[in-house]
Amino acid sequence: MSHCEMSHCEGEQAVAGTTEMQGPSGTPNGAVAVRHGRLPRRSAARTALTFTGAALAVLLVSSTAVAGYAVLSTVGTVSSNAIDITTPGGTPPPEPPAFGAIEGGFNLLLVGTDNDANQGEEFGERDATLNDVNILLHVSDDHQSAVAISLPRDLVIAHPECTNPETGEVFGAMFAQPLNDAYERGGLGCVVNTVSGLTGLPVDYAAVVSFNGVIALSNAVGGVPVCLVEPIEDPESGLNLPEGESVISGSTALAYLRARYGVGDGSDLSRISNQQAFLSSLLRTVRSGQTLSDPVKLYGLAHVAAENMRFSTSLANPATMISLALSLKDIPLEKIVFVQYPVVDSSEFSGKVEPNQVLADQLMALVQGDQPFLLPDGSTGNGVEAGEAAPPAEQPVAEPPAADPAAPAPVEGSETPAPVTPPVVEGLSGQTAGETTCARANSG
């Protein structure tokens with residue numbers, strides 16, 4: 001049995017023919033649209049969903065001095081496991097300031113894998129390690145907004161040439177392959193290059209976590225509140241939760257984030273919306289006084305993250321972690337948007353999805369330009385529905401600026417321009433960190 005989630009396997013297909021991509025310049029990394037091809041069946045499925053983003057998100061928003069010292073105390077562990085994601089000839093991210101927020105915007109890729117050398121066969125026997133969770137976090141240049149883009153694991157896209165850092169094996173570029181094959185082809189660096197090629201965003205920082213890390217990290221944060229519209233029982237993941245709110249951690253948190261068949265319509269996209277609900281709740285929890293004012297919890301979280309996650313070399317510097325935290329700590333929850341990368345069902349590859357290119361181009365243009373946008377009403381996805389509104393975050397009241405006696409007098413009849421309302425992007429699915437959403441059971 002290979003790539004099984006718990007004891008259940010589902011048929012999965014992979015692209016045959018690793019045809020090399022040729023870009024406009026003739027290089028193998030040129031942008032190439034998904035091409036038609038054939039996907040021969042594999043022996044078993046790869047359906048495990050891991051928790052990601054939560055661990056690093058906690059570190060990034062925990063910006064007290066205690067959190068900083070906690071990260072510093074784990075520098076040896078973090079640095080020894082760091083992964084180089086720099087593309088040959090690429091420009092490394094800028095050095096962080098000694099104190100204070102990093103200047104400008106940045107992109108950070110959070111990857112969850114379905115295998116770990118230390119987890120044994122508790123979650124099923126696997127013959128490969130897959131990047132089943134891929135979340136690209138973009139923070140705006142002015143540090144006033146952030147977008148976390150969830151990329152479906154079954155998204156069939158072009159892959160660049162990658163080299164496996166452990167074996168030295170070179171994998172040629174391909175026109176069409178599921179995204180979650182990238183890690184097996186070349187580790188975290190290959191996932192970074194694949195996602196960067198798809199989105200057009202350079203990835204400055206990255207981190208990876210596996211099943212055991214999920215359990216340890218959710219315990220360290222003290223549990224996360226989740227809401228269910230009705231009871232959900234998913235034998236494949238081991239999830240069994242009642243209707244209403246529960247605070248989950250450990251193996252229950254892992255089961256919640258792995259649950260697929262018992263949630264929404266049973267698809268991986270429903271599972272993504274469920275994950276976004278969890279991460280939104282996590283951010284609200286971390287922003288609360290109970291977490292940020294608890295030195296023991298913050299130290300434990302930093303230590304557990306260092307023991308259970310691997311970071312890119314660009315992120316392994318504690319000063320960088322603290323600088324990123326300071327960049328994120330004041331972004332209002334309603335301006336942190338979780339969105340699914342736009343996709344359509346593949347007509348060529350059964351059970352897979354392909355980019356909704358028109359909508360994806362619109363989304364990425366907004367993200368690249370740091371332009372705010374709004375999600376349409378009812379955009380939470382098939383796995384969740386809107387719950388009770390979360391209490392608004394307290395915002396400091398700014399004092400009006402003192403009048404400048406040297407400033408020119410206002411021109412008579414001049415008016416202050418009205419604020420521009422961000423566009424609503426129809427067709428997107430997601431939610432903000434300020435929204436509470438509740439998981440729906442699969443009634444089908």
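Side notes on the structure shown:
- Estimated vicinal HN-Hα couplings, Hz - segment 271-277 in sequence order (Karplus 6.51, -1.76, 1.60; Gly, Pro = x): 5, 5, 5, 5, 5, 5, 4
- Backbone HN-Hα couplings from phi across segment 357-372 [Karplus 6.51/-1.76/1.60, Hz, Gly and Pro as x]: 4, 5, 5, 5, 4, 5, 4, 5, 5, 5, 5, 4, x, 6, 9, x
- Under-5 Å amide H pairs with residue 374, H placed in peptide plane, nonlocal only: 424, 425
- Under the Karplus curve 6.51 cos²θ - 1.76 cosθ + 1.60, θ = phi - 60°, whole-Hz ³J(HN,Hα) for segment 438-444, x wherever Gly or Pro sits: 10, 5, 9, 6, 7, 8, x
- Amide hydrogen neighbours beyond the local backbone of residue 131, cut-off 5 Å, H modeled: 182, 183, 184
No lab work stands behind these numbers, since they all come straight from the coordinates. Only a predicted model underlies this, so the values are computations on that prediction, with no experimental measurement involved.
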